[in-house]
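Encoded as structure tokens, the structure appears first; notes follow it.
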Amino acid sequence: MLLARWCTIPALLLLSTFANAGEAILDRAPERTYDIVIESGYLNVGVYQNFPPYSYQKDGEPSGVDIDVGKQIAEGLGVAFRVHWITPDETLEDDLRNNVWKGHYLAKRRIADVMMRVPYDKKYAYMRDSTGEVINEQVVMFGPYQQEQWQIAYDPNDIESVGTMAVFQYHPIGVEIDTLPATYLTSAFGGRLRDRTHHFTNVSQAFQAMIDGEVSAVMGMRAEIDHELAIHSGQGFQAASNGFPGMGKQVWDVGMAVKHTHRQLGYAIEEIVDRMVREGEMAEIFARHGLRYSMPGFYEEILSAADDAS
């Protein structure tokens, strides 16, 4: 009896080891490499939730520029498109951790194969923390597919034109809370625009405030502004052409991100996106959504050099 009891101990330890190993596997993000993605037959494309005109629900279906780009990428890989909705956290680093390389602590198996709308910026990609460690070393940022910029729309019934930001010393302007424009409008020019700056949950609410006469203008990303101008085309609102003195980042390239161990998948996606940008397919997607398109600065430099060489 004693021998039998001792003989069961190794078996119990072995079962415990397997159980712990199983739990560990379920507690980490899946390794969906290029081969596994192709074999699985689908691509999880990470896009931000409720973020028109880039990615949002329309009549119960995923819609927006990033949705269409994601579908084209999946088609180019020969797999099905699956949307992975991202709820933004406090920082982009949080979003990359929760959706690209580690997974959220409440759902670590729910992960995107590729994340859209990530800034393509070498300085940001290799940014280091106070200890000298690269903050984003777990991801690879690649594939710039759009150049974005800040934009103002205004009501010509209230403002004759927006030649400079000085007009907003006298006219109220709406902006999305906790964004760079919000910081800019409340701190630039010695704070002279602060009292005229109204904060809203998003650009859509700011436009509604302009319809209601609460503000005379709205500032946001150009694609967001163009989207709202199209929705409210009967209001006569116009896009301004002014610059933003003292504002650091006014124009930037937008790309994608994959986990650093999934570079082969990134290379395959980058090849598809490169073709879309060069052949005008990317511009056509933006045009279908009623948006202006600017080619990333990354391509402007390459194509200009090619033209000079020819």
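The values are calculated or read from the model by the stated rules, or taken from the named source; none is laboratory data. The structure presented is a predicted model; accordingly, all values stated were derived computationally and were not measured. Quick reminder, even Gly has a Cβ in these numbers, built from the backbone with ideal geometry, and neighbours come from all protein chains shown.
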request  = Answer yes or no as to whether A107 is in the same structural domain as G46 (by TED's automatic domain parsing), more than 16 Å from T261 (Cα to Cα) and out of contact with any Pro (no Cβ under 7 Å at 6 or more places or on another chain).
outcome  = yes
task = Tell me which residues, restricted to segment 85-101, are assigned to a helix (DSSP H, G or I) and in contact with a Phe, Trp or Tyr (Cβ under 9 Å, 6 or more places away or on another chain).
result = L92, D95, N98
key: Unique match (being outside any helix (DSSP H, G or I) and at positive phi) among G290, G255   = G290
ask   = How many residues does segment 206-219 contain that are part of a strand (DSSP E or B) and either within 21 Å of the chain's Cα centre (by Cα) or among the β-branched types (V, I, T) (or both)?
value = 2
note = Residues of segment 43-70 being over 17 Å from I111 (Cα atoms), touching a residue at least 12 places away in the same chain (Cβ under 8 Å) and part of a strand (DSSP E or B), in sequence order, are F51, S55, P62
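Okay, residues lined up against (1) in the same structural domain as A217 (by TED's automatic domain parsing); (2) modelled with pLDDT under 95; (3) farther than 21 Å from H227 by Cβ; (4) within 16 Å of the chain's Cα centre (by Cα):
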site: F142; (1), (2), (3), (4): no, no, yes, yes
site: A153; (1), (2), (3), (4): yes, no, no, no
site: N157; (1), (2), (3), (4): yes, no, yes, no
site: G163; (1), (2), (3), (4): yes, yes, yes, no
site: A166; (1), (2), (3), (4): yes, yes, yes, no
site: I173; (1), (2), (3), (4): yes, no, no, no
site: A182; (1), (2), (3), (4): yes, no, no, no
site: L185; (1), (2), (3), (4): yes, no, no, no
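Quickly run through segment 171-205 and pick out the residues that are outside any loop (DSSP other than H, G, I, E, B) and among the hydrophobic types (A, V, I, L, M, F, W, C).
I173, V175, L180, A182, L185, F189, F200, V203
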request  = Can you confirm whether segment 150-170 contains a residue that is assigned to a helix (DSSP H, G or I), of a type outside the set (A, V, I, L, M, F, W, C), surrounded by 14 or more Cβ atoms within 10 Å (Cβ to Cβ) and touching a residue at least 40 places away in the same chain (Cβ under 8 Å)?
outcome  = no
remark   = A283 passes all but one of the listed conditions (1) surrounded by fewer than 13 Cβ atoms within 10 Å (Cβ to Cβ); (2) free of Cβ contacts under 8 Å to residues at least 40 places away in the same chain; the exception is number (1)
task = Kindly indicate whether any position in segment 26-42 is modelled with pLDDT under 95, outside any helix (DSSP H, G or I), of a type in the set (A, V, I, L, M) and surrounded by 12 or more Cβ atoms within 10 Å (Cβ to Cβ).
result = yes
